[in-house]
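Working notes, beginning with the structure itself.
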Amino acid sequence: MKTVHIFFLIIPITFLSCQFKISNVGEAKANFNEQHRLQYHFSPKEMWMNDPNGMVYYDGEYHLFFQHTPHSSTPDFPKMHWGHAVSTDLLHWEELSPAIAPDEHGAIFSGSVVVDHNNTAGLQSGNEKTLISIFTYSPANGIQSEGMAYSNDRGRTWIKYKNNPVLQNQGIADFRDPKVFWYERGKKWIMTLAVKDHVELYSSLNLKSWTKESEFGQSIGAHGGVWECPDLFLLSDDKGVEKWVMLVSINPGGPNGGSGTQYFVGNFDGQKFTSEHSDSQWLDYGPDNYAGVTWSNVEGRKLFLGWMSNWEYCQVVPTNKWRGAMTVPRTLGLVKIGSQMYVTSKPVSQLGNLHKNKKSKKELALNSSVSLSEMYDIHSSKFDLSFSIENKPFKIKLSNNKGEYVLVGYDLGSREFYVDRTQAGKTDFNNVFGKRNTSKRISNDNNIKIRLLADVSSVELFADEGEVVMTSLFFPNSDFTHLEILAENKVTLKNIEINEMKSIW
C-alpha cells in the first residue's frame, strides 16, 4: 500500500449495510462475464481491490479481507476499506459487505486477523471465539498507526476498539501492515510490522498493549523500494526439518520491475528473527504477485494468497467495472537444494475440484510443435496443464485468431524460465507492461516439471514442483483459445495432463 495524504469520509450507513452476494447463479453469470474477467480466481464484483488482508480460517469458513474502495475502480486511498469474502472450499466465494470503514483515525490499510482462542483480549461475548483484527490506520498527515477491531459473530460485524490506536507511531511515514500470530512457546502474540526499509517485531499478552522486541532487514535483502506486508511463520520440509520463513513485499524493486515478494529462511527465538543467508529469494518471479500473506488458524498446511497485479500499472489495466484479482490459493513448502533452503508454492489441492474434460497421455514425442487444442479438442481460455520434459528449451504458446499470443517457456542457454507478453494484445496502457519476464532455474534435475494454470487473462507457472513460480496478467483483444507446445529439437513430453477449468461464477 502506497503512502498518500488522507481526507476523511463519513460513509452512509445504508451503503455499508448492503451485501454483495454472488451465490445466485443467474445473477453471477450476468455480472462476471466481462472481457478479461478471470473465471476461477477471486475478484470483486465491482470497483477496486488490492492487498489481501486478515485471512483467517474459523468455523468451517475461509475469510478473505482485502483493500477495497467500494465506490471507485481506482484506489481512492483516503477512503480505503476492508472488503470481505468467505468460502468453504477456497474456490467459491461469497462477497459480503465491506467489513471495516475509515473513521476519525484515518483510512483502513492492510493488516491481519487472528482467532483469540484463549480470550486474551477479554472481548469475547457468547459462545463464539472472538476474531481480532489488527490493521493500519492511515491518516491525512501520513503518520500511520495500528488499530484493532473485533467480531463475536463469525466476522459478520466488526466493532472498533474504544482505545484505538493500540500501537502509536513515533513519526515514521511508513509504519504499517501488521501480521499477528500466536507464539505458543512463549505464550504471547507476535506482530511483524513493515517500517520503511525493515521489519520490526512486537509482542503482546492481550493484543492491546505492544512491546518492541527487535528489528530485521536494514542490511539484508532487496531494498529498491519500501518494505510492506511482512509475514513470519514456521515451515518444515519432507524430512521434518523446521525453519522460520519471513515474507516481505517490496515496491518498487521486484525481480522483473515494480512490485515483488521476497523471502528469508532462518530462525526465530521468540524475540528476534535471523536469516541463514546473506540475501533473499523471491516467492514469485512474475510481475503480478504482490502483498501476499498466509491464512491464520489453518492446521496442517500453510496457505498463501497474493494480489495479482503490480503497482507499475494496476490503476490503468483495461478492466473498467472492476480492477484487481487474487492468485489461486497456494500451499507453501520447504525444500533443500544444495546447502540452501527454498520455499515452494503449489496450487491448493482443492483446485482439482474445478477440473473437467480431463485429457492425458503418458508420452509424446515432439519434433517441432504440437497443437494440444487440436489433439485433445480443447479450445478453452482456462485450463490446468502439467507435464515433464527433458532439460531442453521449449515454448508453450497461447494464442487467438488475431495473431496475438503469450509465450511461456524455458531457455536452456541462460537457464531461465520466461513469460513473454510482448505480443499478448493490449499493452499501450502502460510503457513497461509489454515485456518478457524471466527467472533462473534453481534445480539441476535432468527433467523439468511444469504446471501451468491459465485463466482468460492470466497465467501462473509452477516449475520444478513450485521451486520457481511466475504469475503474469495479459489482455488479449479476444480470448486465447489455442494451445501449442513448441521445441527447437526433438524432445519427449511425459505424463501430460490437461483439464479445462470450471468457472466459479
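The values are calculated or read from the model by the stated rules, or taken from the named source; none is laboratory data. Since this is a predicted model, take the numbers as computed values, not measurements. With ideal geometry, Cβ positions are generated from the backbone for all residues, glycine too; neighbour counts draw on all protein chains shown.
Some observations on this one:
- Filtered residue count, region 373-411, keeping only those that are in a helix (DSSP H, G or I) and surrounded by 20 or more Cβ atoms within 10 Å (Cβ to Cβ): 0
- One residue from Thr274, Thr261 being crowded, with 20+ Cβ neighbours inside 10 Å, assigned by TED's automatic domain parsing to the domain that holds Asn33, part of a strand (DSSP E or B) and on the phi < 0 side of the Ramachandran plot: Thr261
- Criterion (within 19 Å of Leu64 (Cβ to Cβ), assigned by TED's automatic domain parsing to the domain that holds Leu207 and out of contact with any Ser or Thr (no Cβ under 7 Å at 6 or more places or on another chain)) met by exactly one of Arg185, Arg156: Arg156
- Taking the conditions (1) buried (at least 18 other Cβ atoms within 10 Å of the Cβ); (2) touching an Asp or Glu at 6+ places or on another chain (Cβ under 8 Å) in turn, Ser151 satisfies each one other than (2).
- Condition met for Leu64 (among the aliphatic types (A, V, I, L, M), on the phi < 0 side of the Ramachandran plot, more than 18 Å from the chain's Cα centre (by Cα) and modelled with pLDDT of 95 or more): no
- Here region 320-331 is the region considered, the condition is being assigned to a loop (DSSP other than H, G, I, E, B) and at pLDDT 95 or above, and the residue that is surrounded by the fewest Cβ atoms within 10 Å (Cβ to Cβ) is Ala325.
- Residue identified as more than 26 Å from the chain's Cα centre (by Cα) and under 24 Å from Leu305 (Cβ atoms) among His81, His117, His92: His117
- Counting only strands (runs of 3 or more DSSP E) wholly contained in region 450-505, the ones carrying 1 or more residues that are under 20 Å from the mean Cα position of the chain (by Cα), closer than 22 Å to Lys440 by Cβ and of a type in the set (D, E, K, R) occupy 458-463.
- Within region 118-137, residues that are at positive phi reach partners that are surrounded by fewer than 24 Cβ atoms within 10 Å (Cβ to Cβ) with beta carbons closer than 6 Å, at six or more positions or on different chains, in the pairs Gly126/Asn152.
- Scanning region 90-113 for residues that are in contact with a Pro (Cβ under 9 Å, 6 or more places away or on another chain), within 25 Å of Asn163 (Cβ to Cβ) and either assigned to a strand (DSSP E or B) or modelled with pLDDT under 95 (or both) gives Pro98, Gly106, Ala107, Ile108, Ser110, Gly111, Ser112.
- Residues (part of a loop (DSSP other than H, G, I, E, B), surrounded by 15 or more Cβ atoms within 10 Å (Cβ to Cβ) and not basic (Lys, Arg)) located in region 414-436: Gln423, Ala424, Gly425, Thr427, Asn430, Phe433, Gly434
- The set of residues in region 485-504 that are surrounded by 17 or more Cβ atoms within 10 Å (Cβ to Cβ) and either within 21 Å of Asp420 (Cβ to Cβ) or of a type in the set (A, V, I, L, M, F, W, C) (or both) comprises Ile485, Ala487, Val491, Leu493, Ile496, Ile498, Met501, Ile504.
- Single match in Asp231, Asp238 (criterion: at pLDDT below 95 and out of contact with any helix residue (DSSP H, G or I) (no Cβ under 6 Å at 6 or more places or on another chain)): Asp238
- Residue check, Asp238 among the acidic types (Asp, Glu), part of a loop (DSSP other than H, G, I, E, B) and closer than 26 Å to Ile337 by Cβ: yes
- Residue selected from region 56-89 under the condition charged (D, E, K, R) and outside any loop (DSSP other than H, G, I, E, B), by the criterion surrounded by the most Cβ atoms within 10 Å (Cβ to Cβ): Lys79
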